[in-house]
Structure formats: C-alpha cells, structure tokens
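Notes follow once the structure below has been shown.
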2 protein chains.
Amino acid sequence: MTLIEKAIAQIKPQSETARATAKARLDCLTMPHWALGRLMDLAVDLAGMTDSMRPPVNKKTLVIMAGDHGVASLAVSKYPQEVTRQMVHNFVNGGAGANALAKLAGAHLLVVDMGVASELSDLVADGKILANRIGNGTANMAEGPAMTREQAVNSIEAGIEIVALLAPSTDVFGTGEMGIGNTTPSSAITAVFTGKSVASVTGRGTGIEDGQLANKIAVIEKSLKVNNPDPLDPIGVLAKVGGFEIGGLAGLILGAAALRKPVVVDGFISSAAALIAHAICPSCADFMISAHKSVEQGQAAILAHLKKEPFIDLGLRLGEGTGASLAMNFVEAAARILTEVATFDEAGVSKA
Amino acid sequence: MTLIEKAIAQIKPQSETARATAKARLDCLTMPHWALGRLMDLAVDLAGMTDSMRPPVNKKTLVIMAGDHGVASLAVSKYPQEVTRQMVHNFVNGGAGANALAKLAGAHLLVVDMGVASELSDLVADGKILANRIGNGTANMAEGPAMTREQAVNSIEAGIEIVALLAPSTDVFGTGEMGIGNTTPSSAITAVFTGKSVASVTGRGTGIEDGQLANKIAVIEKSLKVNNPDPLDPIGVLAKVGGFEIGGLAGLILGAAALRKPVVVDGFISSAAALIAHAICPSCADFMISAHKSVEQGQAAILAHLKKEPFIDLGLRLGEGTGASLAMNFVEAAARILTEVATFDEAGVSKA
C-alpha cells in the first residue's frame, strides 16, 4: 500500500456515539438551551472527531507550506515571484502576520518548503524550516501539466509524513500557505470540482485590477482546456492544475483525518487543498473545521461543496494560516464548553 | 460635579493623530494591502482609543453585573427569578459558560451584585463577589418606574467607581450581565432610543414560545405607556424601564471611556446599556467594541444606532459576557498586528 492508500484506509467518520454523548451533556448545561450556538455544534464535532468527551486541543501546530508556480510568469499576481522566498524569510524572522497570530493562538509554526523556485538551504541547514522540495516551482499550467503525476503523489505523501512527524506534539492542526500566484491554481481546482465557471470562482488574489483579473480568468480557462482535468481523478487534477504546497496541504488534511485529529482549514488556497483531499477520501471532511470566510469568492463554492460553514468573517484575504490561527480560539472555546461548564444538576440551578 | 458629570467631562473622542499614524504603518505591512481586514480597522481604533502605537491589551477584566427585575413576575422569561442568584453562585464556583470563556481569554472575572432580589452576603463576606446593591431587584416597570431617579444615578455611578477600582489592573474591559427577565427592559430601552416598534426589537430571550413572546411584547408596550420615557433624558429612561445591572454597565462604559480604555460590549443587554451610556455622552461610543451579533433581534437596531459592527456571529444568546470574552482574542490580534508585523522595508520584501 502507498502512504496515500494507508491514510485512506485509516480514515473513519466521526464517532456517532461520542457525538450523541457530547450532545446529551451540552443539552443540560447551565444556560438556555444551546445558547452558545455554533460553539456547541463545534464541541459535538470535536467529540466526534477525537472520540472523546475531553477532546485534546492544547497542542496546536500551524503548518505553512510554501511553493512557487510557473503560471506566475503570466502576470496573475500583483507581486513578483521572489516574494514567496522573501516571505519564508519573514516567517523565520517572526515578522509576518502568520507569526503574530500563531503566537497569539499558542500554536507552533512550522514552515515547509514544498518547492519554492530556488532553494532555501541556509534556512534548512539552520533547522528554521523543513524542506520537502518536489521541484523548483511548478511548470506553467497554461502550457501543460503543472507537475508530473509522481510529483503530485509525492507532494501529498509529504503532507501525510509531516503529520506523522508532528502528531506527538499536536492535538489540532492548522493549514497555511505561501506561494505567489497560488490563487490561480486554486481557482482552477475549484472550477474542476464544483463545476462552476472559472469567472465565478476567480477573485483578485493579492489585489489585482480589472484588466489583470480578466487575464487571470483567461489563463485559468486556457489551463483547463490544455490539461482537461478529470474531477474523478483528484491526483490528476493536482498534477495538471495544482501546486506543490496545495498537494502538501491535501496530504496534511488526509494525514490528520487518519489520526482523528481536527484540522483547521484556513482560507481559499487551503480550502482548494481540502477539495482535493475530500475528492481522494470524502470522510476526511469530518475532521475539517473551516476557519474563516475568505474575500476570495471561490471559497464559498468550495465550502458549499464540502458542506462547511466558516467561523470568522472579518474580510481576511491574507492566507499564511492567519484565519486558522484565529479560529483556534473557537476550537479551544468549544472544548472548554464541553469539559468545564456545569450542568443544571451539577450546579443546583433551577431548570426552565 | 457628580461622578457622572466628571466622567462626561473626561471623555474625549479617539485621537485622530494616533489613528493616522497607525493607519500609515498598517498600510505598509508585509501583506497585500489591508489583507487582515476588520482586524486592521480594529487596530486603528485601538490606537485611537489609547492614543498609542502600542495599545496595551494584556490585562483584561470581564465584569458581570447581576440584578433582578420586578417585571419577571409577569412571566416574561422561561426561568424563575431565583436563577439569577443561583447563577451568581455558579459563577463563583467556576461552572458557568462565562467562567470557561473568561478563563480562555485570560480575563479576570468580577461579579457584582447590583441588586439581586435577595442578598448574597455570604459571597460578599468571602470576597467572592462585589456588592453595590441598589435595591432588592427593581420594581415592576409595567406598573410604574422600575426604580427612582436616585437609584438610576447610583447604579451608573457604581459602574464608574468599579472602573476606577479596576483600572490599575485592566487594559481592556468586557461587559457581562445576569438577570432573569433582563431582555425585557433591554427591549424597552431599545425601543425608546431607536424609535423602532416594541415588536420589532423584542426576541425570545431564554427561549420563550409564541404565546409568551406576545405577552412579553404587551408587557413592554404597557411599560412604555405607563412610564412614557423620554429619550432625551437617558437617566430617566433607565429609571423608568431599566435595570440595576444595566445602569451599572452603562456606568462601566462611561468610566472606561473616561480613562481611554477599550470596552468590549457583549450582546443584547450590554448593548442596551451602551445605548444609555451613548445617550448620556455620545463620544463614549468611540471606546466601544461590539463583540458579537446576538440572536436577540433588538441588538441589530442598537448597533445600527451606535454605528457599530459586531466581530463574531456564531448564534450566541447567553449573555454573561461570553461573547465579550471571545472577542478579546480579536482585540489582542489587532494589537499584535499593529506592533509585531514587519513592514515591507523592515523585512526586505519586494513591494507590488
């Protein structure tokens, strides 16, 4: 069995018994019924995911996967490709939005080079980042497949392996990414799996103007025409119009689900990775928590497809796992509601 | 000068200079422009409130004001009045939703007896709660004023005094309340200040059925008819159709604003208190942060009136400051974005 096949074999749906037990307790807490709303739904999910009435959520790891994209040469982003590499340095130096919010969440931040355009050997040698380089950035998907099928498999398996590495120190995973141009493959992936038009699932990414947006849509449409990806072959979709960091995150989600660990899925690009993971093994969606509603319009189509509702809506469009770090607080809140709040009987409070 | 007059004299709007300085820095952070959305707006607000580029937000206090309501005798709630007192014990014993979420937020929780129907002297003697009892619960507002004008003034001044007491140990205040029946006075207050119909600003509170809701609306309409409160006399409104804990929270908000400290306003009842504080001194709204969108429909009318947008929308309807505790995380996030994230120049990242 390959690593992917092993993960699929391990993934089981949420425990219905644990869900029912959690719901029964939450029904009796000292508050009007279900007065903490979606946090209580999340508490039921956490119990179901971890098969526990005391879901462990203390140890949190945010994994930022970085990768470059051949399609960035077609002016789909506002920023030059070198920014991917520069931002990895910024993460290592603690200066990015991701650092501030992971720190606040009490999450360990791990940066993984999945295939930035040029090597970051100095940072790897210093133990500042992990390297699972699948290539020097993907090929230009507008002219052919972004990567080989073997590379697609390798990127997913790298994500699964990283989960194994982090599992002893992680109760809850968060996904993050960095890769100039990566809303472009994400929109392509979204169009493939949701069946929506490219224009309807393509947004402004880093903040491109109307003309650049029209170009971006045309590039994605061309990429889909050139590659003709088949939604029934998710690894093929990743190979044709994906990215190394997107494959890595799909693997991370599969790996977390296999170990029954909740994974907080950040914004649009992370959600595109979730689409691939879901297409490979639908039950892995049972372990996903959608962090926030992205400004990128394509994410709404993904979440509708995955039947997920985001927890935060603050106009975020940064990626880097920033939304996932913020949503960790709600995960902890949900777990505490299940484990720390007294029932009417326990507290001697009169019922309605 | 009375304490209220002193507070009003001290309240100044946000610092425009600090807002502009903060905005200028946030414009240059290593991310697409304003990519952390409303958290960046909040960072500007925090700078303006505290007149600082390093807004202090570490020390947090959640103040839960408890009080009973004469109108509770008219079956406006699903729970008996004794629950107010029982829940104060639950707070002290650490078993309420408020405890779990304040603990998660790292907030000190202070419970204040503003006028529960019967004394809680044992808890006061043990130093477990603070007592600023204005009375043994309010009078029934459907038959006359809920309290005297003097009691209204005293409840507000108690809130201002509590801020003075807590100021050395508090950077950010959160509001919370407990009082069976207190959505009823809150809806009355909302109708008075927003000019909306009682039916449009009255919800199901603890979860009453259709018949009870019709009764609740009739009770509020009768209370307004009997008392004829004048929105230009906010202390009079509080006296006629308010509550001791609502007055206390209005004072807390005024006191916090006077000391330029952010105050995170919880759900519907806290927002009704904010309406009174705003009517007394409109500039105090500059220091309010609306925590969450309550299930209680009247809150939307209040927030539109105060020009505030809530940060969380998770179907919460518990009160007790639970939403305020959750929103503290966003306050900290905003402060960290302002103080910890590098600019393009600082990080050596290429600009668009």
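The values are calculated or read from the model by the stated rules, or taken from the named source; none is laboratory data. Note that the structure is a prediction, hence the values are computed from the model and not measured. A quick note on method: Cβ atoms are made from the backbone with ideal geometry, for glycine too, and the neighbour counts reach across all protein chains shown. Side chains included, ligands, DNA and RNA excluded: accessible areas come from the protein's heavy atoms. Shrake-Rupley method; radii C 1.70, N 1.55, O 1.52, S 1.80 Å.
Table for the structure above
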{"item": "Pairs with Cβ under 7 Å, 6+ apart, first in region B:67-88 and charged (D, E, K, R), second assigned to a helix (DSSP H, G or I) and at pLDDT 95 or above", "result": "B:ASP68/B:THR84"}
{"item": "Top-ranked residue of region B:98-115 - restricted to ones that are within 14 Å of chain A (Cβ to nearest Cβ) and either touching an Asp or Glu at 6+ places or on another chain (Cβ under 6 Å) or open to solvent by 30 Å² or more (accessible area, probe 1.4 Å) (or both), ranked as nearest to B:VAL163 (Cα to Cα)", "result": "B:LEU109"}
{"item": "The listed residue being more than 11 Å from chain A (Cβ to nearest Cβ) and at pLDDT 95 or above, out of B:THR30, B:THR84, B:THR21", "result": "B:THR21"}
{"item": "Residues being aromatic (Phe, Trp, Tyr) and either open to solvent by less than 10 Å² (accessible area, probe 1.4 Å) or more than 19 Å from B:ALA334 (Cα to Cα) (or both) - total across region A:288-341", "result": "1"}
{"item": "Count of region A:257-270 residues which are part of a helix (DSSP H, G or I) and either without any contact (Cβ under 8 Å) to a residue 60 or more places away in the chain or not assigned by TED's automatic domain parsing to the domain that holds A:ALA304 (or both)", "result": "0"}
{"item": "Sole exception among (1) within 14 Å of chain B (Cβ to nearest Cβ); (2) under 28 Å from A:GLN151 (Cα atoms); (3) crowded, with 19+ Cβ neighbours inside 10 Å; (4) not small (Gly, Ala, Ser) for A:LYS78, by number", "result": "(3)"}
{"item": "Residue among A:ILE129, A:ILE134 that alone is buried (at least 24 other Cβ atoms within 10 Å of the Cβ), away from every other protein chain (no Cβ under 14 Å) and among the β-branched types (Val, Ile, Thr)", "result": "A:ILE134"}
{"item": "Sole exception among (1) free of Cβ contacts under 8 Å to residues at least 60 places away in the same chain; (2) buried (at least 24 other Cβ atoms within 10 Å of the Cβ) for A:ASP230, by number", "result": "(2)"}
{"item": "Top-ranked residue of region B:33-55 - restricted to ones that are surrounded by 20 or more Cβ atoms within 10 Å (Cβ to Cβ), within 26 Å of B:GLY348 (Cβ to Cβ) and in contact with a helix residue (DSSP H, G or I) (Cβ under 7 Å, 6 or more places away or on another chain), ranked as farthest from the other protein chains (Cβ to nearest Cβ)", "result": "B:ALA47"}
{"item": "Among residues of region B:265-295, those that are under 15 Å from B:GLY176 (Cβ atoms), within 14 Å of chain A (Cβ to nearest Cβ) and among the hydrophobic types (A, V, I, L, M, F, W, C), counted", "result": "4"}
{"item": "Qualifying residue in region A:148-156 (condition: touching a residue at least 12 places away in the same chain (Cβ under 8 Å), within 20 Å of A:LEU109 (Cβ to Cβ) and more than 18 Å from the chain's Cα centre (by Cα))", "result": "no"}
{"item": "Selected residue [in contact (Cβ under 8 Å) with a residue 12 or more places away in the chain and closer than 18 Å to A:LYS196 by Cα] from A:ILE276, A:ILE280, A:ILE289, A:ILE235", "result": "A:ILE276"}
{"item": "Failed item in (1) farther than 20 Å from B:GLY267 by Cβ; (2) surrounded by fewer than 24 Cβ atoms within 10 Å (Cβ to Cβ), with B:VAL163 passing the rest", "result": "(2)"}
{"item": "Pick from region A:9-24, criterion in contact (Cβ under 8 Å) with a residue 60 or more places away in the chain and buried (at least 18 other Cβ atoms within 10 Å of the Cβ), ranking: nearest to A:ALA47 (Cα to Cα)", "result": "A:ALA22"}
{"item": "Filter result (facing another protein chain (nearest Cβ under 9 Å), polar (S, T, N, Q) and assigned to a helix (DSSP H, G or I)) within region B:296-352", "result": "B:THR322, B:SER325, B:ASN329, B:THR339"}
{"item": "Residue satisfying all of: in region B:81-97; polar (S, T, N, Q) and surrounded by 24 or more Cβ atoms within 10 Å (Cβ to Cβ); farthest from B:LEU224 (Cα to Cα) among these", "result": "B:ASN90"}
{"item": "Subset of region A:145-156 (residues that are farther than 26 Å from A:MET328 by Cβ and part of a helix (DSSP H, G or I))", "result": "A:ARG149, A:GLU150, A:GLN151, A:ALA152, A:VAL153, A:ASN154"}
{"item": "Criterion: buried (at least 21 other Cβ atoms within 10 Å of the Cβ) and either touching a Leu at 6+ places or on another chain (Cβ under 8 Å) or not hydrophobic (A, V, I, L, M, F, W, C) (or both) - qualifying residue of A:SER121, A:SER155", "result": "A:SER155"}
{"item": "Within region A:165-209, tally of residues that are part of a loop (DSSP other than H, G, I, E, B), farther than 15 Å from A:VAL71 by Cβ and more than 17 Å from the chain's Cα centre (by Cα)", "result": "7"}
{"item": "Conditions (1) more than 14 Å from chain B (Cβ to nearest Cβ); (2) out of contact with any strand residue (DSSP E or B) (no Cβ under 8 Å at 6 or more places or on another chain); (3) open to solvent by 10 Å² or more (accessible area, probe 1.4 Å); number of the one not met by A:THR202", "result": "(3)"}
{"item": "Only listed residue being touching a residue at least 40 places away in the same chain (Cβ under 8 Å) and not β-branched (Val, Ile, Thr), chosen from A:LEU254, A:LEU306, A:LEU314", "result": "A:LEU254"}
{"item": "Test: residue in region B:180-201 that is more than 30 Å from B:ASN99 (Cβ to Cβ) and touching a His at 6+ places or on another chain (Cβ under 6 Å)", "result": "yes"}
{"item": "Residue identified as on the phi > 0 side of the Ramachandran plot, in the same structural domain as B:MET87 (by TED's automatic domain parsing) and in contact (Cβ under 8 Å) with a residue 24 or more places away in the chain among B:GLY144, B:GLY174", "result": "B:GLY144"}
{"item": "Which numbered condition A:ASN58 misses (of (1) surrounded by fewer than 24 Cβ atoms within 10 Å (Cβ to Cβ); (2) modelled with pLDDT of 95 or more; (3) more than 14 Å from chain B (Cβ to nearest Cβ))", "result": "(3)"}
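To keep it simple, each residue is scored yes or no on (1) under 11 Å from the mean Cα position of the chain (by Cα); (2) under 20 Å from A:LEU238 (Cβ atoms); (3) modelled with pLDDT under 95.
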| site | (1), (2), (3) |
| --- | --- |
| A:SER290 | yes, no, no |
| A:GLY298 | no, yes, no |
| A:ALA304 | no, no, no |
| A:ILE312 | no, no, no |
| A:GLY323 | yes, no, no |
| A:ALA327 | no, no, no |
| A:THR339 | no, no, no |
| A:ALA342 | no, no, no |
| A:ALA352 | no, no, yes |
